[in-house]
Amino acid sequence: MAEAIPETGNVRDDEARAEYVYQLVLEGIVSGSFAQGSRLRERELSEMYSVSRIPVREAIQRLEQDGFVATFPRRGAVVRQLTLTDVNELFDVRLCLETFAARMAATRVAQGNDGGRLEELLEASKAAIDEGRTDDVVLISAELHAEIVRLSGNRLLIESVKPLFGRMRWIFGLAHNRSNELQRDEHTELCNAILAGRPELAYSLAYSHIELGRQPVLTGLAETLEP
């Protein structure tokens, strides 16, 4: 666990503590440590992370805004129960945002922006697949997609998709029915198009990559999630 941030009364430190708790609880949800439907008790979390209840409350409110937590009378905050509709909507939004990001990333690389980090993540993803590190494959894949968005240079888009990639890790951790080798090949084609500065090719490859992943994930979750 990351080292707890001391209580100082400084506003900036208060924000940092709330962010610290947010990231730790989010990681717990994504990894399954906090199961769907489980309660998130402020007192237990404040003791677990050695902070007061205030940053815990702020973190839970943010997690609710981002779609990871729901609050109910008398039950308080609980980890959301995902549905197949949630999964479908995730893919719909990805088709809108990530395809645009891929096109803009390729445009900016063509204009001279550095795609070195994307190359690094692509190689890291290939290594994780070759070595059979399944958990790392999901994490690095999300980082690779996030780097494409960062390369787009659109600050509003970059901030807007942060919760989206948390949901991606959450859902793909529950169901990942396509072969890693197939995804590796698709990532390679997509990244090569971006790094070659070919916007329209990058757009079409991003679209097909996302859409091809939809049905296998839905099929994999059909027996465990409600419609």
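The values are calculated or read from the model by the stated rules, or taken from the named source; none is laboratory data. Keep in mind that this is a model prediction, so the values were computed, not measured. Cβ sites come from the backbone with ideal geometry, for glycine too, and all protein chains shown count toward neighbours. Just so you know, the surface numbers come from the protein's heavy atoms only, side chains and all, with ligands and any DNA or RNA stripped out. Shrake-Rupley method; radii C 1.70, N 1.55, O 1.52, S 1.80 Å.
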> What percent do you get for the relative contact order of the chain when only Cα pairs under 8 Å and 6+ apart count?
Replying inline: 24
> Could you give the nm distance between label points at residue 65 and residue 41, where each point is 7 Å from its Cα heading toward the beta carbon?
Replying inline: 2.7
> Expressed as a rounded percentage, what relative contact order does the range 119-227 have, with Cα pairs under 8 Å and six or more residues apart?
Replying inline: 27
> Rounded to a whole number, what % of the accessible area of the chain do carbon and sulfur atoms account for, probe 1.4 Å?
Replying inline: 50
> What 222 nm value per residue comes from the helices of the chain, counting each DSSP H run with n ≥ 4 as -39,500 (n - 2.57) and dividing by all residues, nearest 500 deg cm²/dmol?
Replying inline: -23500 deg cm²/dmol
> Given H placed 1.01 Å from N in the peptide plane, which residues other than close sequence neighbours of residue 80 have an amide H under 5 Å from its amide H?
Replying inline: 37, 69, 70
>> If I take every Cα pair under 8 Å that is 6 or more residues apart in the range 44-172, average their sequence separation and divide by the length, what percent do I get for the relative contact order?
In response: 23
> Which distance in nm do the two modelled labels at residue 185 and residue 123 give, with both placed 7 Å along the Cα-to-Cβ direction?
Replying inline: 2.4
> Under DSSP H, which helices of the chain have Cα atoms covering 20 Å or more of the helix axis and a Kyte-Doolittle average no less than 1.0?
Replying inline: none
>> Let me make sure I get this right: for the range 27-159, a, b and c are the square roots of the gyration tensor eigenvalues over alpha carbons, sorted descending. Under 1.5 in a/c it's rounded, otherwise prolate if a/b > b/c, else oblate. Which is it?
In response: prolate
> Expressed in nm to one decimal, what extension gain is obtained for the pair residue 84 and residue 219 from 0.36 nm per residue of sequence separation less their Cα-Cα distance?
Replying inline: 47.6 nm
> Taking a probe of 1.4 Å, how large is the accessible area per residue of the range 1-152, in Å²?
Replying inline: 52
